[in-house]
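Right, one structure below, let's go through it.
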Amino acid sequence: MSKLKIVFAVLLLLSSTIVVNADTMTVKNTGNLMDYVIPMEIEYIEIIEVGNGYEIIQITKGNGIDDFAFYATYNIGGSIRYDIGLMDIDTGLLWITHNPYIAPKTKLLIQNSTTGEKYYYNVFSGTEANAYPLQFGDGKYEVKLYEHTTGSSYKKVYSKVFDVKLDNPLDVFLASILEINWYVEDEAIILTESLLDGLRKQLYIADKKLTTDRYVIISDYEDYYLTDDQIISVCYEYVIKNIAYDYEKIETLQYNYIPDIDETLKDKTGICYDYSVLLASMLRSQGVPAKLIKGYTTNTDVYHAWNEIYLEDEERWAVVDTTFDAYYKQNRMTYSFEKEAEEYVGSIYY
């Protein structure tokens, strides 16, 4: 049987659940919220599991047995509530779309059974997929979705166990995820590019020993290489110089608040969470791994957020706290870029 006939035979089993366009290699669930474009030739599509209200569909592509992606859809009573995409687990990402028209309050559990680490997340409804990190390294992962019932009670509506072998453990700390959400079109990321172009221009002028930049154009210096240390310095200095602490904001936040980096940029104010997400987004957009950490520090009695930034030349993570450094800089006090790791105890990291 040919590949095309295999696809059509499987489609008969799937009925209206899935549609394949063989010309564009687009896999689309009928009536669904998420489409997945496969960049390689489809070998076959197969239902590999049918559970209590959901189907797991395996999409095999390429020539290797290991070169495949999982795409899971959860249904209740014929209505699609969630798309769970496992096509990027080798880079440390789990994708979930939550139907905004059928939107019970939902929690997500991600657990690495090998290491014992686990986090719970709020699942936001919307027409776009959100990325959740698989930041606990290699191992056997389990994901579960819980829907709110009454009071503080939730019921499990979906679970899946799968193995993760990361291509590069640092990749997950470069990605745009739910908690650190950035796009190249964001004003904050456009600003980051502009700031770095300014540094490239300075380096070009110094390298060429020019006395004026009157005739310098972007094509002259746009390919100037910047080190990670230079990129980190530019982003860090911008944040601590331009973002002031908002002492009233914390009193009005909802339980599921997630910073919007463009709002932080526009308001020029924020809380520790805003500072940390902005810096992490700026750095990740430039290929510098950065973590968002939540926990406690000896510098304050309240729950806090800060960053860890990967120093490639030294192959280690540096603790960086722009919230305190912004206060110190703006009040002309002394401060240091890297903090003592012993003074910071993280409970959650992304």
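The values are calculated or read from the model by the stated rules, or taken from the named source; none is laboratory data. This structure is a prediction, so every number in the text was calculated from the model and none was measured. With ideal geometry, Cβ positions are generated from the backbone for all residues, glycine too; neighbour counts draw on all protein chains shown.
Computed values, structure above
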item	result
Residues of segment 209-228 satisfying the condition of being at pLDDT 80 or above and surrounded by 12 or more Cβ atoms within 10 Å (Cβ to Cβ)	TYR224, LEU226, ASP228
Filtered residue count, segment 241-253, keeping only those that are surrounded by fewer than 22 Cβ atoms within 10 Å (Cβ to Cβ) and closer than 25 Å to ALA175 by Cα	1
Criterion violated by ASN181 - all others in (1) in the same structural domain as GLY92 (by TED's automatic domain parsing); (2) surrounded by 13 or more Cβ atoms within 10 Å (Cβ to Cβ) satisfied	(1)
TYR303 vs. criteria aromatic (Phe, Trp, Tyr) and either crowded, with 19+ Cβ neighbours inside 10 Å or out of contact with any Gly (no Cβ under 8 Å at 6 or more places or on another chain) (or both)	no
Qualifying positions in segment 185-198 - under 20 Å from GLN230 (Cβ atoms) and assigned to a loop (DSSP other than H, G, I, E, B)	none
Number of the condition not met by TYR146 [criteria: (1) part of a strand (DSSP E or B); (2) under 16 Å from GLY85 (Cα atoms); (3) in contact (Cβ under 8 Å) with a residue 40 or more places away in the chain]	(2)
In segment 86-111, the residues that are in contact (Cβ under 8 Å) with a residue 40 or more places away in the chain and more than 15 Å from the chain's Cα centre (by Cα)	ASN99, PRO104, LYS105, THR106, LYS107
Residue check for THR114: more than 17 Å from the chain's Cα centre (by Cα), crowded, with 17+ Cβ neighbours inside 10 Å and β-branched (Val, Ile, Thr)	no
Extreme residue, surrounded by the most Cβ atoms within 10 Å (Cβ to Cβ), among residues of segment 306-329 that are closer than 14 Å to TYR245 by Cβ and among the charged types (D, E, K, R)	ASP321
Matching residues in segment 228-254 - criterion: being without any contact (Cβ under 8 Å) to a residue 24 or more places away in the chain and not in a helix (DSSP H, G or I)	TYR247, GLU248, THR252, LEU253, GLN254
Segment 161-176, residues that are assigned to a loop (DSSP other than H, G, I, E, B) and either exposed (fewer than 13 other Cβ atoms within 10 Å of the Cβ) or not hydroxyl-bearing (Ser, Thr, Tyr) (or both)	LYS165, LEU166, ASP167, ASN168, PRO169, LEU170, LEU174, ALA175
Residue within segment 249-263 that is touching a helix residue (DSSP H, G or I) at 6+ places or on another chain (Cβ under 6 Å), in the same structural domain as TYR335 (by TED's automatic domain parsing) and over 30 Å from LYS105 (Cβ atoms) present	no
